[in-house]
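*Asks:* One structure is given below, represented as structure tokens, and several questions about it will come after.
The values are calculated or read from the model by the stated rules, or taken from the named source; none is laboratory data. It should be emphasised that the depicted structure is a prediction, and the values quoted were computed from it without experimental measurement. For neighbour counting, all protein chains shown are included, and Cβ atoms are generated from backbone atoms with ideal geometry for every residue, glycine included.
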Amino acid sequence: RKEVEQDPGPFNVPEGATVAFNCTYSNSASQSFFWYRQDCRKEPKLLMSVYSSGNEDGRFTAQLNRASQYISLLIRDSKLSDSATYLCVVNIANAGGTSYGKLTFGQGTILTVHP
Amino acid sequence: DVKVTQSSRYLVKRTGEKVFLECVQDMDHENMFWYRQDPGLGLRLIYFSYDVKMKEKGDIPEGYSVSREKKERFSLILESASTNQTSMYLCASLKRSEQFFGPGTRLTVL
């Protein structure tokens, strides 16, 4: 089983739509959670961290459910510029409790927003 | 702004060649990482380093080695390139909890 699994996608939505991405992680030692965004032929960049209480950044809302080991990203009022691959990312501590900032990435979900 | 640079955007090598991929960051970050990204497999960690001359294996270290002689530079070495090492290679450095990536090197091994 993969450590981080995402919706397979791709998602193809019209401008203005609301779209939700889901992600599950298998390691209960996971400490930190993130969504990264990767544009076509570009490097990944941090979109937002995900906090236990849930957090919002403009049109983007991230949720974390530690009990279910589940992370989500909601995008409201989609824009053409939101078209990208969205990567669910988890930071997992080792047995000693450290991680060195190592991240484990999901495969990514492709989002295309069309006019 | 954090800047992570990689020595080449595109590279073509032959099977059996020794290949060096260089990564440089200008923000005095201690932790640096090498990934490869393949369709359907996502980003997979090859090696990382948490200090000069310190290195740790990632999830897929076989066929690779690394060098960190200076803090700003982290090199990935393919001792004898093989066709299954054709991939996009991404370097990253860590600031607090965020990884900053270089633009990537697309390596083709013929």
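*Asks:* Can you tell me which residue within the range A:5-22, out of those that are of a type in the set (A, V, I, L, M, F, W, C), in contact with a strand residue (DSSP E or B) (Cβ under 7 Å, 6 or more places away or on another chain) and more than 30 Å from B:LEU107 (Cα to Cα), is surrounded by the most Cβ atoms within 10 Å (Cβ to Cβ)?
*Replies:* Checked the range A:5-22; the qualifying residue surrounded by the most Cβ atoms within 10 Å (Cβ to Cβ) is A:PHE21.
*Asks:* What number of residues within the range A:67-96 satisfy the criterion of being farther than 21 Å from B:LEU43 by Cβ, at pLDDT 95 or above and assigned to a loop (DSSP other than H, G, I, E, B)?
*Replies:* Going through the range A:67-96 one residue at a time, the tally reaches 4.
*Asks:* Here is a further query. Could you please give the count of residues in the range A:25-66 that are touching a residue at least 40 places away in the same chain (Cβ under 8 Å), assigned to a strand (DSSP E or B) and either more than 13 Å from chain B (Cβ to nearest Cβ) or buried (at least 20 other Cβ atoms within 10 Å of the Cβ) (or both)?
*Replies:* Of the residues in the range A:25-66, 8 are touching a residue at least 40 places away in the same chain (Cβ under 8 Å), assigned to a strand (DSSP E or B) and either more than 13 Å from chain B (Cβ to nearest Cβ) or buried (at least 20 other Cβ atoms within 10 Å of the Cβ) (or both).
*Asks:* Go through B:SER49, B:SER87, B:SER97 for me and flag whichever is at the interface with chain A (Cβ under 8 Å from one of its Cβ atoms) and of a type in the set (Ser, Thr, Tyr).
*Replies:* So the residue among B:SER49, B:SER87, B:SER97 that is at the interface with chain A (Cβ under 8 Å from one of its Cβ atoms) and of a type in the set (Ser, Thr, Tyr) is B:SER97.
*Asks:* Follow-up question, since we're still on this one. Please work out which one of (1) touching an Asp or Glu at 6+ places or on another chain (Cβ under 7 Å); (2) away from chain B (no Cβ under 14 Å); (3) within 24 Å of B:ARG44 (Cα to Cα) is the condition A:THR104 fails and give its number.
*Replies:* Of everything listed in (1) touching an Asp or Glu at 6+ places or on another chain (Cβ under 7 Å); (2) away from chain B (no Cβ under 14 Å); (3) within 24 Å of B:ARG44 (Cα to Cα), A:THR104 misses just condition (2).
*Asks:* Please enumerate the residues belonging to the range B:1-24 that are modelled with pLDDT of 95 or more and of a type in the set (S, T, N, Q).
*Replies:* The answer is B:THR5, B:GLN6, B:THR15.
*Asks:* Search the range B:23-57 for residues being in contact (Cβ under 8 Å) with a residue 24 or more places away in the chain and under 25 Å from A:ASP7 (Cβ atoms), and hand back the single one that is surrounded by the fewest Cβ atoms within 10 Å (Cβ to Cβ).
*Replies:* The selected residue is B:ASP38.
*Asks:* For B:SER67, which of the numbered conditions (1) surrounded by fewer than 18 Cβ atoms within 10 Å (Cβ to Cβ); (2) more than 14 Å from every other protein chain (Cβ to nearest Cβ); (3) in contact with a strand residue (DSSP E or B) (Cβ under 8 Å, 6 or more places away or on another chain); (4) touching a residue at least 40 places away in the same chain (Cβ under 8 Å) fails to hold?
*Replies:* Unmet for B:SER67, out of (1) surrounded by fewer than 18 Cβ atoms within 10 Å (Cβ to Cβ); (2) more than 14 Å from every other protein chain (Cβ to nearest Cβ); (3) in contact with a strand residue (DSSP E or B) (Cβ under 8 Å, 6 or more places away or on another chain); (4) touching a residue at least 40 places away in the same chain (Cβ under 8 Å): (4).
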